[in-house]
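Chemist: Input: one structure, supplied below.
The values are calculated or read from the model by the stated rules, or taken from the named source; none is laboratory data. On a predicted model such as this, the values are computed, not experimentally measured, just so you know. When we count neighbours, we look across all protein chains shown, and the Cβ atoms used for this are built from the backbone with ideal geometry, even at glycine.
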């Protein structure tokens, strides 16, 4: 490992890659330390019989203003602009058309109340109408969107994301994770499978201690997840206590994905969607044959993702198959095969899905994004004020932190 550099970046997910791209070609020595043996962080494309499947981020959210869209097209990636089927229930399975409409209307009404009449408690749950019949459905949606139940979600934080979103979501047939990992700049030093063990701010240089040696740098950009920053796996200096407290108020939610392979003829039509059970807050929601591929993409959030974590992958696949069989008929069991599953919550170097602010703590995002002594800078989706929980929010935060570091290094010494 290089033992000295101008700027070190800790983490090679979307934020770290964004920072590295911004710093490349600036005449500074830059090194990136990544705990995992691969690039991408919570962006990960895996192959199933040659088909790319995204275990992490899979949709270009707010695609019309998402910088990854422009990066993808400039690099020759195909962008699929077809309208998603998320707001549809295929064949009205599991609910009458009026019930599906009523459930959607309940979510829309809740969303409007967050903006027009936000609860003084800042608890998203308190914007739900008293006696709401579709509370379980709202809790399931909160799990997919934020990774946790409504009682642990800041209403103001959610509203900020919702207001900034354009609602336009596109996909990358080659995989979002493939794109992100491929955009790491060639002229930046990369050290995979090199977890940080201790960060030391004493002395004129920042010291980053790893099992492969100590890296000293003039400035560092920290892009680790809030779970890692708030935890004790890395020895942090006491000076970071306020930042670690902010990270603790922006916990990672529970979000996991399962892919079931479809083998042989089936009733599953391409580019369709079903919600498993409208009255189960732990229900999965299923995108069927995305991009015309022979798979079903199961999204688990909140209670459903915690159950998968606690009971194991086999049980999660069995539960997903049970829900699909209840909707499409028992015969579909013969054509469904477990294929791939994420394990974000069980990955110590990450620790969950994506960040949400606890009630009353939306301001923690701003506090987390502030630099320490103009030499330690913070990036990652949790530091973005409105595009948190997205790969483009992470990218833009990395670019912002890189600009801050460049400005600090160019500032004349007192």
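Chemist: Checking the condition at positive phi and in the same structural domain as residue 20 (by TED's automatic domain parsing), which residue from 147, 203 passes?
Modeler: On inspection, the qualifying residue turns out to be 203.
Chemist: Same structure again: Let me spell it out: the conditions are (1) under 23 Å from residue 65 (Cα atoms); (2) touching a helix residue (DSSP H, G or I) at 6+ places or on another chain (Cβ under 7 Å), and residue 366 meets all of them except one. Which number is the exception?
Modeler: (2)
Chemist: Next up: Is there any pair linking a residue in the stretch 127-140 that is more than 17 Å from residue 158 (Cβ to Cβ) to one that is in a helix (DSSP H, G or I), with Cβ under 6 Å and at least six apart or on different chains, and which?
Modeler: 134/103; 134/106
Chemist: From 391, 346, grab the single residue that is out of contact with any strand residue (DSSP E or B) (no Cβ under 6 Å at 6 or more places or on another chain), surrounded by 19 or more Cβ atoms within 10 Å (Cβ to Cβ), touching a residue at least 12 places away in the same chain (Cβ under 8 Å) and closer than 27 Å to residue 208 by Cα.
Modeler: So the residue among 391, 346 that is out of contact with any strand residue (DSSP E or B) (no Cβ under 6 Å at 6 or more places or on another chain), surrounded by 19 or more Cβ atoms within 10 Å (Cβ to Cβ), touching a residue at least 12 places away in the same chain (Cβ under 8 Å) and closer than 27 Å to residue 208 by Cα is 391.
Chemist: Still on this structure: Find all pairs meeting these conditions: Cβ atoms under 8 angstrom apart; at least six residues apart or on different chains; first residue within the stretch 157-170 and at positive phi; second residue surrounded by 20 or more Cβ atoms within 10 Å (Cβ to Cβ) and outside any helix (DSSP H, G or I).
Modeler: Listed pairs, sorted by first residue: 167/62.
For (1) out of contact with any strand residue (DSSP E or B) (no Cβ under 7 Å at 6 or more places or on another chain); (2) surrounded by fewer than 24 Cβ atoms within 10 Å (Cβ to Cβ); (3) not assigned by TED's automatic domain parsing to the domain that holds residue 31, each residue gets a yes or a no:
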{"position": "228", "(1), (2), (3)": "yes, no, no"}
{"position": "235", "(1), (2), (3)": "no, yes, no"}
{"position": "238", "(1), (2), (3)": "yes, yes, no"}
{"position": "241", "(1), (2), (3)": "yes, yes, no"}
{"position": "244", "(1), (2), (3)": "yes, yes, no"}
{"position": "247", "(1), (2), (3)": "yes, no, no"}
{"position": "266", "(1), (2), (3)": "yes, yes, yes"}
{"position": "272", "(1), (2), (3)": "no, yes, yes"}
{"position": "280", "(1), (2), (3)": "yes, yes, yes"}
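Chemist: Here are the criteria: (1) over 21 Å from the mean Cα position of the chain (by Cα); (2) buried (at least 16 other Cβ atoms within 10 Å of the Cβ); (3) assigned to a helix (DSSP H, G or I). Tell me which single one residue 72 does not satisfy.
Modeler: (1)
Chemist: When you look at residue 78, is it part of a loop (DSSP other than H, G, I, E, B), surrounded by fewer than 20 Cβ atoms within 10 Å (Cβ to Cβ) and in contact with a helix residue (DSSP H, G or I) (Cβ under 9 Å, 6 or more places away or on another chain), yes or no?
Modeler: Yes; evaluated as a whole, the condition is true for this residue.
Chemist: Another one. Being within 23 Å of residue 305 (Cα to Cα), touching a residue at least 12 places away in the same chain (Cβ under 8 Å) and crowded, with 17+ Cβ neighbours inside 10 Å narrows it down to one of 104, 143, so name that one.
Modeler: None of the other options fit; the residue is 143.
Chemist: Still on this structure, please answer the following. Which condition number does residue 259 fail, the rest of (1) at negative phi; (2) assigned by TED's automatic domain parsing to the domain that holds residue 49; (3) surrounded by fewer than 16 Cβ atoms within 10 Å (Cβ to Cβ) being met?
Modeler: Every listed condition holds for residue 259 apart from (3).
Chemist: Within the stretch 6-25, which residues are outside any strand (DSSP E or B) and in contact with a strand residue (DSSP E or B) (Cβ under 9 Å, 6 or more places away or on another chain)?
Modeler: Those that are outside any strand (DSSP E or B) and in contact with a strand residue (DSSP E or B) (Cβ under 9 Å, 6 or more places away or on another chain): 11, 12, 14, 15, 16, 17, 19, 20, 23, 24.
Chemist: When the stretch 71-126 is examined, which residues are found to be under 13 Å from residue 158 (Cβ atoms) and touching a strand residue (DSSP E or B) at 6+ places or on another chain (Cβ under 9 Å)?
Modeler: Answer for the stretch 71-126, where residues must be under 13 Å from residue 158 (Cβ atoms) and touching a strand residue (DSSP E or B) at 6+ places or on another chain (Cβ under 9 Å): 122, 123, 124.
Chemist: Kindly list the number of the only condition in (1) out of contact with any helix residue (DSSP H, G or I) (no Cβ under 9 Å at 6 or more places or on another chain); (2) touching a residue at least 24 places away in the same chain (Cβ under 8 Å); (3) more than 20 Å from residue 338 (Cβ to Cβ) that fails for residue 289.
Modeler: That leaves (3) as the condition not met.
Chemist: Let me ask something else about it. Somewhere in the stretch 325-337, is a residue outside the structural domain of residue 144 (by TED's automatic domain parsing) and under 30 Å from residue 356 (Cα atoms)?
Modeler: No, every residue in the stretch 325-337 fails to be outside the structural domain of residue 144 (by TED's automatic domain parsing) and under 30 Å from residue 356 (Cα atoms).
Chemist: A further question follows. Taking residue 214 and the conditions (1) touching a residue at least 60 places away in the same chain (Cβ under 8 Å); (2) crowded, with 19+ Cβ neighbours inside 10 Å, which numbered condition does it fall short on, given that it satisfies the others?
Modeler: With respect to (1) touching a residue at least 60 places away in the same chain (Cβ under 8 Å); (2) crowded, with 19+ Cβ neighbours inside 10 Å, residue 214 is out only on (2).
Chemist: For the stretch 370-381, does any single residue satisfy the condition of being buried (at least 22 other Cβ atoms within 10 Å of the Cβ) and part of a loop (DSSP other than H, G, I, E, B)?
Modeler: Yes, some residue in the stretch 370-381 is buried (at least 22 other Cβ atoms within 10 Å of the Cβ) and part of a loop (DSSP other than H, G, I, E, B).
Chemist: Right, another one. Picking from 99, 149, which residue would you name as being within 23 Å of the chain's Cα centre (by Cα) and in contact (Cβ under 8 Å) with a residue 60 or more places away in the chain?
Modeler: 149
Chemist: Against the conditions (1) part of a strand (DSSP E or B); (2) closer than 21 Å to residue 149 by Cα, where does residue 337 fall short? Just the number, please.
Modeler: (2)
Chemist: Given the structure, is residue 143 touching a strand residue (DSSP E or B) at 6+ places or on another chain (Cβ under 8 Å) and at pLDDT below 95?
Modeler: When the stated conditions are applied, residue 143 does not pass them.
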